[in-house]
Amino acid sequence: MAGAQRIGILTSGGDAPGMNPAIRAVVRAAVEQHITCIGIRRGYAGLINGDVFELTGSDVDGISRRGGTILYTARSEEFRTDEGVKKAAKVCKYLGIDGIIAIGGDGTFRGALELARQGIRVVGIPATIDNDMGCTEYTIGFDTACNTAMEAIDKLRDTGQSHDRVSVVEVMGRNAGHLALYTGIAAGASAVLIPEKEIDLEQDVIDVIRRGCIHGRRHHIIVVAEGVGYVNSYAKEIEKQTGLETRVTVLGYIQRGGAPSGRDRVSASMMGVRAVNVLCGEDEESRVIVARNGRFEDMPIEEALQMERKLDEEMYAACYRINTSYHAGRK
Ligand code: F6P
């Protein structure tokens, strides 16, 4: 691919704040090297349908501060089939696209690998609010989503405090608890329930609330990762066991929207530039951009997909200690 003249760019899967600054960085870095950038609408579905247009440097003016993705996104059923992937590869060849930059999460990277197996070189940029990819310490969108959830929980605390209520808040994250854990610490939750850890409602939640009540604290925030489920039945049990009125709030899709944070804009920009360098470099391999020890690197896509995302045990332990020691030392 050295000397690529025409590259495609797409966003796929769930949108994440920061996809736009990533698109901007890719387009600007490509144009600077006289490479034509082809925008592909609605991810792999748009690729199959040939829904493409040329992106110029000025088309991406001012998009960094916008949430969502100007390229739209989709989860394509057709692309999950062999025929779909072959069709997409054929479209790439027909359009003269030398390689593709695919921005998204795990599903997007798996799609990219399939495309690579059909002879289309792909570079992946990790973007999902879940931060659940094994290959990278950071995925674009996570910081903004944490801030959005934290601000929403701060508001829930105001009303919960006024009414002496327990607020049980469901946070997104698919099967992972990273978003819930991070948000729970940031918002000062009394307990954080995540799918990676066994849940003992009595010990982890009810006991903490009861001890709080003894010392006059009658409002609590309980963060539950969506991967845990049972949010309504947990809330009922908490109300029954503690006698405190309990309300459930599912934060839902507000966590995916909004202007990207500074961290997401910068990470997206750095990853975008690196993706163009990798795609236009000498190496013919399909790769992904990853964050490691606070720096951006790249690695083979196949290897990246085999890596398992581990929970930050130190963070979990810190969260647990902060919660359980709330009343320690009080008379
Ligand atoms: O992966 C991002 C995410 O928002 C998850 O947190 C959530 O489980 C899922 O996407 C929701 O997917 P959809 O947009 O298809 O409803």
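The values are calculated or read from the model by the stated rules, or taken from the named source; none is laboratory data. Everything numeric here is computed off the predicted structure, so don't read it as measured data. A quick note on method: Cβ atoms are made from the backbone with ideal geometry, for glycine too, and the neighbour counts reach across all protein chains shown. Quick note on the areas: whole protein, heavy atoms, side chains included, nothing else; ligands and nucleic acids left out. Shrake-Rupley method; radii C 1.70, N 1.55, O 1.52, S 1.80 Å.
Brief remarks on what is shown
- Glu202 sits with roughly 80 Å² accessible to a 1.4 Å probe, with DNA, RNA and ligands left out of the calculation.
- Whole-Hz Karplus values for segment 134-146 come out as x, 6, 9, 6, 9, 10, 4, x, 4, 5, 4, 4, 4 Hz, taken residue by residue from phi with 6.51 cos²θ - 1.76 cosθ + 1.60 and θ = phi - 60°; glycine and proline positions read x.
- Rounded to two decimals, the Cα-based Rg/Rh of segment 142-257, with Kirkwood Rh, is 0.94.
- At most 11 other Cβ within 10 Å, DSSP loop - GluC sites (Glu not before Pro), segment 241-331: Glu282, Glu284, Glu308
- Given charges at Cβ of Lys, Arg, Asp, Glu: the chain dipole, positive-most of Asn49, Thr159, Thr139: Thr159
- Packing-based order for 23-32, 39-48, using average beta carbon neighbours within 10 Å, highest first: 39-48, 23-32
- Annotation: amide H of Gly67 within the under-5 Å range of Gly258, Ala259, sequence separation 5 or more or interchain, hydrogens built in the peptide plane.
- With respect to the chain, whose longest principal axis is taken over its alpha-carbon atoms, helix 19-32 is tilted by about 30°.
- Rh (Kirkwood; distinct C-alpha pairs) - segment 196-326, Å: 19.0 Å
- Taking the protein heavy atoms of the chain in the context of the full set of protein chains, the accessible area attributed to carbon and sulfur is 46 percent at 1.4 Å.
- Rolling a 1.4 angstrom probe over the protein heavy atoms with all chains in place gives segment 1-114 an accessible area of 41 Å² per residue.
- Cα convex hull of segment 99-150, projected area averaged across orientations, nm²: 3.5 nm²
- Across the chain, Cα-Cα pairs farther apart than 30 Å form 39% of the total.
- Beta bridges by DSSP in the chain, antiparallel share as percent, to the nearest 5: 25 percent
- Ranked by the mean number of other Cβ atoms within 10 Å of their residues, highest first, the peptides 190-198, 151-159 come out as 190-198, 151-159.
- Accessible surface, 1.4 Å probe, highest first, among residues Tyr72, Tyr230, Tyr316: Tyr230, Tyr72, Tyr316
- Segment 148-214 - accessible surface per residue (Å², probe 1.4 Å): 42 Å²
- Each other residue within a Cβ distance under 13 Å of Ile206 adds +1 if Lys or Arg and -1 if Asp or Glu, for a net charge of -2.
- Each residue of segment 252-257 was assigned a 3J(HN,Hα) from its phi angle through the Karplus expression (A = 6.51, B = -1.76, C = 1.60, θ = phi - 60°), giving x, 6, 4, 5, 8, x Hz with x at Gly and Pro.
- Backbone phi angles across segment 99-106, fed through the Karplus curve with coefficients 6.51, -1.76 and 1.60 (θ = phi - 60°), yield HN-Hα couplings of x, 10, 9, 10, 9, x, x, 3 Hz in residue order; Gly and Pro are listed as x.
- Value of [θ]222 nm, deg cm²/dmol, for the chain, DSSP H segments ≥ 4, -39500 (n - 2.57) each, nearest 500: -12500 deg cm²/dmol
- Distant-in-sequence amide H partners of Ala127 (H built 1.01 Å from N, under 5 Å): Gly104, Gly105, Ile140
- Amide proton proximity set for Val224, modelled H, under 5 Å, gap of 5+: Val169, Glu170, Val171, Leu193
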